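Input: a single structure, listed below in structure tokens.
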Amino acid sequence: MAAGFKTVEPLEYYRRFLKENCRPDGRELGEFRTTTVNVGSIGTADGSSLVKLGNTTVICGIKAEFGAPPTDAPDKGYVVPNVDLSPLCSWRFRSGPPGEEAQVASQFIADVIENSQIIQKEDLCISSGKLAWVLYCDLICLNHDGNILDACTFALLAALKNVQLPEVTINEETALAEVNLKKKSYLNIRTHPVATSFAVFDDTLLIVDPTEEEEHLATGTLTVVMDEEGKLCCLHKPGGSGLTGAKLQDCMSRAVTRHKEVKKLMDEVFKSMKPK
């Protein structure tokens with residue numbers, strides 16, 4: 001009976017749960033799904049991670065290559081993110097060039113990198129005007145069950161913290177790069193941006209970490225990205241219902257709390273990896 005009602009009237013089905021301050025999957029309105037992270041998942045990458053947010057699963061692999069610095073910024077390197085939403089992760093996506101949702105997600109991650117200054121691009125310069133690191137960050141969604149932006153941001157941060165780059169020097173006589181693979185160092189991660197996404201129901205009710213079904217039924221979505229100092233790095237609201245100042249403040253307060261939870265989880269994972 002309940003399954004039939006959900007199929008015919010999915011929004012009304014959800015409203016009956018939301019009136020009781022809970023959701024069909026048993027979560028409270030402000031409760032996140034179980035979050036897990038593994039790092040170093042891809043042996044062929046220079047840094048990698050796998051993040052699960054409930055059923056939503058994203059893997060991030062980072063490859064470091066040499067490139068010429070930009071002519072207008074000769075002392076900077078590059079960080080190039082790309083989000084891949086293939087038919088593997090959801091029936092909604094098709095093979096071929098990236099669709100609109102994938103392009104929006106890629107731009108969102110690029111904005112987070114730029115606004116949060118997670119890495120200063122000057123740190124990626126090897127020789128001013130001659131050689132710099134290019135970090136290709138491929139984020140591949142394996143299972144899309146909503147809240148892809150939170151999962152991608154977390155996966156990117158964990159993978160960047162896992163990256164080790166070899167020492168590179170420029171031979172003055174030959175002007176060629178010499179790579180010392182025996183001497184590697186981690187990237188200087190300057191901030192830890194964490195995304196927190198919300199769905200708006202009936203223009204007023206806020207729920208965190210929406211599933212794919214909840215995103216579809218919502219009248220709007222909002223993603224807030226904060227760093228460890230409580231500084232707002234990015235605010236992403238693709239149309240939909242407007243929010244009052246008070247509601248927006250609630251979202252930012254919840255994002256600060258979520259940052260602490262994610263940072264604690266990540267610190268525990270990296271601590272467990274260190275040799276004793």
Rank THR153, THR244 by accessible area, highest first, at a 1.4 Å probe radius?
THR244, THR153
Students sometimes get this wrong: rank ARG190, ARG15, ARG254 by accessible area, probe 1.4 Å, all chains present, largest first.
ARG190, ARG15, ARG254
To the nearest Å², the heavy-atom accessible area per residue of the chain with 1.4 Å probe amounts to 52 Å²
Using Cα-only point scatterers and the Debye equation, what is log10 of I(q)/I(0) for the chain at each q in 0.07, 0.13, 0.16 Å⁻¹, rounded to two decimals?
-0.29, -0.89, -1.26
LYS130, LYS184, LYS161, reordered so the largest accessible area comes first (probe 1.4 Å):
LYS130, LYS184, LYS161
Along each principal axis, Cα extent of the range 157-224, largest first, Å:
68, 19, 18
How much accessible surface area, in Å² rounded to 10, belongs to the heavy atoms of THR219 with a 1.4 Å probe?
50 Å²
Based on the alpha-carbon set only, what is the convex hull volume of the range 40-119 divided per residue, in Å³?
147 Å³
Carbon/sulfur accessible area of the chain, % of total, 1.4 Å probe, equals 51 percent
Can you give the % of DSSP beta bridges in the chain that are antiparallel, to the nearest 5?
85 percent
Anything in the chain that counts as a DSSP H helix reaching 18 Å or more along its axis (C-alpha) with Kyte-Doolittle mean of at least 0.5? List them, would you?
148-162
Nearest-10 value in Å² for the accessible area of ILE126, using the 1.4 Å probe
40 Å²
Excluding residues on the same chain fewer than 8 positions from LYS183, give the aspartates and glutamates whose Cα lies under 16 Å from its Cα.
ASP46, GLU167
Karplus-derived 3J(HN,Hα), 6.51/-1.76/1.60, for each residue of the range 130-145, Hz, glycine and proline x:
10, 8, 8, 7, 10, 9, 8, 9, 9, 10, 10, 7, 8, 8, 9, 10
Could you tell me the distance between the Cα centroids of the range 35-61 and the range 139-198, to the nearest Å?
12 Å
Under the rule of -39500 (n - 2.57) per DSSP H run of 4 or more residues, summed and divided by the residues of the chain, what mean residue ellipticity at 222 nm is obtained, to the nearest 500 deg cm²/dmol?
-9500 deg cm²/dmol
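The values are calculated or read from the model by the stated rules, or taken from the named source; none is laboratory data. It should be emphasised that the depicted structure is a prediction, and the values quoted were computed from it without experimental measurement. Each accessible area value is taken on the protein alone, full model and side chains, heavy atoms only, with ligands, DNA and RNA left out. Shrake-Rupley method; radii C 1.70, N 1.55, O 1.52, S 1.80 Å.
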